[in-house]
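Here the structure is laid out as C-alpha cells; the discussion comes afterwards.
Readers should treat all values here as calculations from the given coordinates under stated rules, not as data from a laboratory. Note that the structure is a prediction, hence the values are computed from the model and not measured. Backbone-built Cβ (ideal geometry, glycine too); neighbour counts: all protein chains shown.
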Amino acid sequence: MDLAGTLTQRQRERAAIEHRALEAISNAYGTFNILLEPDLTVIWASETARTALGDPDLVGRNALDLVHPDDLQFATAAFAYHDEHAQAYATFEKDWHPDQAVVRVRTGSGEWCGFRLSAFNHLLDPAIGGILISGVLAHDQTDLGTIITLLTQGAEVTEVLTAIARMVTTNMARVQAQVLWFDGLDERFELASLQEPHLPELPTALIGELRTMTSPHFSRPVSDFGLAADKVGYERVWGIPVRDISGSKVQGAVVVWSELSVDFVGGPQCILMQAAQIASLTITDHLAKRQLRWEANHDPLTRLENRTGFARQLDQDHKNCALIYIDLDNFKEVNDGHGHHAGDEALMITADRISQTVRSRDVVARLGGDEFAVLCPGLSSIEIARQVSQRIIAALSQPMTIDGTTVTLGASAGLALGSEREDPNQLFHSADMALIAAKRAGKGRVCLGQPHSPSGS
C-alpha cells in the first residue's frame, strides 16, 4: 500500500473514532449531530438525529430539505458561515465561536419543532472533512418541567401562566414576556408576567383587538401605542394569540416586549407558538374547573346561588346578619295553568326582582322549587331587616307579564337575625319556622323567627 493509501485508511479510522465519539455525546446530552458536504448534503448522521428527525436514511439528503420553508434564511446563514471563516474553524482561533440559528425542523411525529443549531466547519480537518451541525431543543427544559409540575399539582392559573412567561423570557434574547388571558366568567382580561418593575402595561388598543383577531400573530412598534420607547427600553410588542382547543375563540395572548425593532420569525416564533399551546391548555383547564365549581354552587335557571352555595355563604356570614326565607304564594297555579315554561319565566323574574331590591353585597339564592333566600351580612337591626323583607314581598306581589299573559304571584317570608352565639343551622331553622308561620297566618306577610316571637306585618 502506498503512502497515500495508508493516510486515507488512517483518516477513515480516525473519522470512525470521531463519529463514535459524536454518537456517544449525542446519546449522553440529548443532542443530534449530522455531518454535511460543502453543498449541505448529509454524509453522516448520529442515531439521535435519525430518531429525532424521523428519517433513518438521512445520508444523501440535503439538510435544507429538513428545515421549515420560513426558516431557510436562518439555516442557510448558519450553514454558510463556514464559507467566510473556514480557516477560523480549522485552527480554532481564540475569538472563534460557532454560529447559531433557531429553526423549525420536522420531527419524527411529523410536527415542526424548534432546534438551536450550531455549525462547526471541519472541512479542513482530514479526519472529519465536513460541516458538523449540532442541534438541541430550542427551549430550556427546566421551565417546561416546572410548568408540567404546576399543572399536575393543580396550581393557580396565574402561577402556571407566569411560569410560561418565564420560559419565553429564558429562551428568547432581549425580551420580557407576559401572558394575557381572558376571564370568561368575569368578562375581563387578566395578566400574568414576571415581576419586572419597568415592564409597561399592555396597550389597551391591543387588548381590544384580541377578541376578534384572526391573524396568527401580532407585531407593533412600541411607538404605535403612544409609549416612549426610549423611556421603557423596548422597541416592539410582539405576540401570538392564545386560542381555545377548537381554534375558534381567542382566550388571550403570549406577549413579548422586545428590545429589538425586528419581527420574530422562525425559531423564536416557534417558541411563542409552543408557549401559546401550553397556555391554551392551562386556561381551558382552569375555566373548565371553575365552571364546574360554579355549577356546583349555582342554580342553572336563575343563576343565583343554590342550596349548596347558600349554605357555604351562610356558614361564613351567619353572625350579625339577617336571613330572609321566601316562598312564592301562587306558583303552582302558574305551572298548572300556563305550563312549566311560564313557571320558569316566573322564577327568573322573581330572582331578578329580589336581586334588584336588596344590596349588592347581599347573597340571593334559589333553594329549590319556588323557595328563595337572602343573606344580609352586617344587618342586625330588626326594623331595617323587616323593611327589606316587606320591600321584597311588595316587589313580588306586582303583576308579571309572561308570553303576553299577566300573572300575579305574591310571596311570604320568614325573617331571622343571627347572633354571635347562633350557629348557621339554628339560624336557618329559625327562618324556616318563621316562614311556616307566615304561610299559616294568611300568606303575603313577613314573620320574625325566634328568639323573637313571630308577628305579622
Legend entry - FRET E, pair Met348, Thr284, Förster distance 22 Å, beta-carbon r, rounded to 0.05: 0.15
Inset, instruction - Give me Ser258, Ser355, Ser223, Ser248 ranked fewest to most by other Cβ atoms within 10 Å of their Cβ, as a rough exposure proxy. - result: Ser248, Ser223, Ser355, Ser258
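Under 11 Å from the Cβ of Ala63, count the other residues' Cβ atoms, weight Lys and Arg +1, Asp and Glu -1, and hand me the total.
Net charge in that neighbourhood comes out at -2.
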Inset, instruction - Mind ranking 278-291, 390-403 by how tightly packed they are, going by the mean number of other C-beta atoms within 10 angstrom, highest first? - result: 278-291, 390-403
Legend entry - Efficiency of FRET between Ser261 and Arg293 - r from beta-carbon atoms, R0 56 angstrom, step 0.05: 0.80
Inset, instruction - Determine the relative contact order of the stretch 307-448: mean sequence separation of Cα pairs under 8 Å and six or more apart, normalised by residue count, in whole percent. - result: 33
Legend entry - Charge dipole of the stretch 361-457 about the Cα centre (unit charges at C-beta), most positive-ward option of Ile384, Ser430, Thr408: Thr408
Inset, instruction - Would you calculate the separation in nanometres between label points at Arg359 and Ser219, each defined as 7 Å from the Cα along the Cα-to-beta-carbon direction? - result: 5.5
Inset, instruction - Report the extension gain between Lys332 and Asp65 in nm, rounded to one decimal, defined as 0.36 nm multiplied by the number of residues separating them, less their alpha carbon distance. - result: 88.7 nm
Inset, instruction - Could I have the simple spin-label model distance between Arg303 and Lys249, label points 7 Å from Cα toward Cβ, reported in nm to one decimal? - result: 1.4
Legend entry - Nearest-0.05 FRET efficiency for Gln73 and Ile382, computed from C-beta distance (R0 60 Å): 0.15
